[in-house]
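The values are calculated or read from the model by the stated rules, or taken from the named source; none is laboratory data. Keep in mind that this is a model prediction, so the values were computed, not measured. Using ideal geometry, Cβ is built from the backbone for each residue, glycine included, and neighbour counts are taken over all protein chains shown.
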Amino acid sequence: MVQILPVPGPKARAYVERDTLVISPSYGRPYPFVMDHGRGSEVWDVDGYRFIDFTTGIAVCATGHSHPEVVHAVQEQATRFIHMSGTDFYYPLQVELAEKLNEIAPISEACQVFLTNSGTESIEAALKLARYATRRPHVLAFVGGFHGRTYGSMSLSGSKAVHRAGCEPLVPAITHVPYAYCYRCPINLTYPTCAIECVRTIERTVFARLTDPSQVAAIFVEPIQGEGGYVIPPREFFPILREICDKHGILLVVDEVQSGFGRTGKMFAVEHSGVEPDIVAVAKGIASGMPLGAMIARKSLMTWPPGAHANTFGGNPLACAAALTTIRLIQNGYMQNAALMGDYILAQLRKMAEHHRSVGDVRGKGLMIGLEIVEKRATKAPAHDLRDAVVYEAFRRGLLVLGAGPNTLRLMPALNVPKPIVDEMLEILEAALAAAEGQHGLA
């Protein structure tokens, strides 16, 4: 029997009230969880209530909360030195991490690395390098894509209007094209035609009518759209995209900020397609919660001179220490667990969907899993409020999940999540679905 917790408790309520006085209202908190501590896939709030965490700080804590080996690496480095700005000085950890990223990058050619603090900084670096290396002004991105909230990355994003509202003018010379969202085909075709036509729109519409391809520096794309709704394109999508880039001398920039570092059962999600990008932007799961990101590019593109781009805190030594340990753990079993547990969760969710008519689609790779919540399967009408109700009912029962896109619920647990925790999550999620459906007259 799934229990309902009396949350938020008094301490949590007090912190939420204090928060509203001093923290920006731009943060989008879906429920009043106030964290006290966490271990692995379990977290406790300030009132002592236990929760299963299937958010991992938005796909960041890849090895779970406070993994002892990651904690040890950070503590050990902190006793040596905490900061020495790698843009002006040298230190071994930056070199060692860059070597490791070069080794695991989904690019066969030798690469070089620019270290950052976050995903949006990695995207900004990629945008700047793409324009510099090609001397071309225009860039393409996809409807539904999310690349960050600073100006360049925000301009590339096509996820939610609220991210841009009141912030224009944006960075110019960026054109958005349809993504292969086959469940909701933007041009009303069926698979596999839909996937092909989405990519062909680039040549048939953009290049034919709007922008000469000789002026396009890069195409920015997520292998799996994250904030857009955990949308997975079919296998034809990336090979055709690579073909178009090669034909016109355009760089393929892959945003692996949310999908990278073992989350999909491979080190990088683009590896499922067999296609090599020219530039990769990473962050989130790279360092188990320490602020770190990277832009990895073919060495032949890294022609900019000293001073062209820099970052005071990027590649902080504590974060580099955490990243080297995180990558080792991912390679030595956690990535394999992500593939195994991902297959298990997907199979169980598809069985669950048979008894819950609000679940329109179940999709995912590894531990990057989405449930699209709808009013009716026949019409696929998005059920935004119902999705939010499921998220909140899960919280009341001790499970932390988040939404993505207009009406998708996403699951992004630690890569080492054990099966007993997964089974407990499934039990709570089913109860939350039933409760939310009952509130909306779908029981």
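Brief remarks on what is shown
- Total residues in the range 378-419 satisfying the condition of being touching a Lys or Arg at 6+ places or on another chain (Cβ under 8 Å) and free of Cβ contacts under 8 Å to residues at least 60 places away in the same chain: the figure is 1.
- Hits in the range 284-326 (condition: closer than 18 Å to GLY57 by Cα and of a type outside the set (Gly, Ala, Ser)): LYS284, ILE286, MET290, PRO291, LEU292, THR326
- Matching residues in the range 233-264 - criterion: being buried (at least 23 other Cβ atoms within 10 Å of the Cβ) and part of a loop (DSSP other than H, G, I, E, B): PRO233, ILE250, GLU256, VAL257, GLN258, SER259, GLY260, PHE261, GLY262, ARG263, THR264
- Residue in the range 344-364 that is in contact with a Leu (Cβ under 9 Å, 6 or more places away or on another chain), in contact (Cβ under 8 Å) with a residue 24 or more places away in the chain and hydroxyl-bearing (Ser, Thr, Tyr) present: yes
- On the stretch given as the range 387-443, residues that are in contact with a Leu (Cβ under 6 Å, 6 or more places away or on another chain), in a loop (DSSP other than H, G, I, E, B) and over 18 Å from GLU42 (Cα atoms) total 1.
- For GLY307: the one exception among (1) in contact (Cβ under 8 Å) with a residue 12 or more places away in the chain; (2) outside any helix (DSSP H, G or I); (3) surrounded by fewer than 17 Cβ atoms within 10 Å (Cβ to Cβ): (1)
- The sole residue among ALA353, ALA378 that is modelled with pLDDT under 95, of a type outside the set (Asp, Glu) and under 30 Å from ALA431 (Cα atoms) is ALA378.
- Members of the range 291-318 found to be aromatic (Phe, Trp, Tyr) and under 18 Å from SER85 (Cβ atoms), listed by number: PHE313
- ALA294 touching a Leu at 6+ places or on another chain (Cβ under 6 Å), assigned by TED's automatic domain parsing to the domain that holds GLU227 and either of a type in the set (Lys, Arg) or under 27 Å from GLY148 (Cα atoms) (or both): yes
- Only a single item in (1) touching a helix residue (DSSP H, G or I) at 6+ places or on another chain (Cβ under 7 Å); (2) β-branched (Val, Ile, Thr); (3) not in a helix (DSSP H, G or I) is not met by THR325, and it is number (3).
- Scanning the range 428-443 for residues that are of a type in the set (A, V, I, L, M, F, W, C) and at pLDDT 95 or above returns ILE428, LEU429, ALA431, ALA432, LEU433, ALA434, ALA435, ALA436.
- Within the range 132-170, restricting attention to residues that are part of a strand (DSSP E or B) and under 17 Å from the mean Cα position of the chain (by Cα), the residue that is farthest from PRO233 (Cα to Cα) is ALA141.
Okay, residues lined up against (1) part of a helix (DSSP H, G or I); (2) more than 30 Å from ILE224 (Cα to Cα):
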| site | (1), (2) |
| --- | --- |
| ILE58 | yes, no |
| CYS61 | no, no |
| HIS72 | yes, yes |
| GLN77 | yes, yes |
| HIS83 | no, yes |
| TYR90 | no, yes |
| VAL95 | yes, no |
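- Within the range 208-232, being touching a residue at least 40 places away in the same chain (Cβ under 8 Å) and in a loop (DSSP other than H, G, I, E, B) holds for THR211, GLU222, PRO223, ILE224, GLY226, GLU227, GLY228, GLY229, TYR230, ILE232.
Residues checked against (1) surrounded by 11 or more Cβ atoms within 10 Å (Cβ to Cβ); (2) touching a residue at least 24 places away in the same chain (Cβ under 8 Å); (3) under 25 Å from THR264 (Cβ atoms):
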{"position": "ALA12", "(1), (2), (3)": "yes, yes, no"}
{"position": "ASP19", "(1), (2), (3)": "yes, no, no"}
{"position": "TYR31", "(1), (2), (3)": "yes, yes, no"}
{"position": "TRP44", "(1), (2), (3)": "yes, no, no"}
{"position": "PHE54", "(1), (2), (3)": "yes, yes, yes"}
{"position": "TYR90", "(1), (2), (3)": "no, no, no"}
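- Condition met for VAL362 (part of a helix (DSSP H, G or I) and closer than 23 Å to VAL2 by Cβ): no
- Residues that are basic (Lys, Arg) and not in a loop (DSSP other than H, G, I, E, B) within the range 24-56 comprise ARG39, ARG50, listed in sequence order.
- Of the set (1) hydroxyl-bearing (Ser, Thr, Tyr); (2) farther than 25 Å from GLY274 by Cα; (3) part of a helix (DSSP H, G or I); (4) modelled with pLDDT of 95 or more, all apply to THR205 but (4).
- Residue count for the range 331-348, restricted to those that are surrounded by 22 or more Cβ atoms within 10 Å (Cβ to Cβ) and touching a helix residue (DSSP H, G or I) at 6+ places or on another chain (Cβ under 8 Å): 2
- Going through (1) surrounded by 24 or more Cβ atoms within 10 Å (Cβ to Cβ); (2) under 17 Å from the mean Cα position of the chain (by Cα); (3) not in a helix (DSSP H, G or I) one by one, PRO291 falls short only on (1).
- Cβ pairs under 8 Å, 6+ apart, first in the range 102-120 and part of a helix (DSSP H, G or I), second β-branched (Val, Ile, Thr) and surrounded by fewer than 19 Cβ atoms within 10 Å (Cβ to Cβ): THR120/THR150
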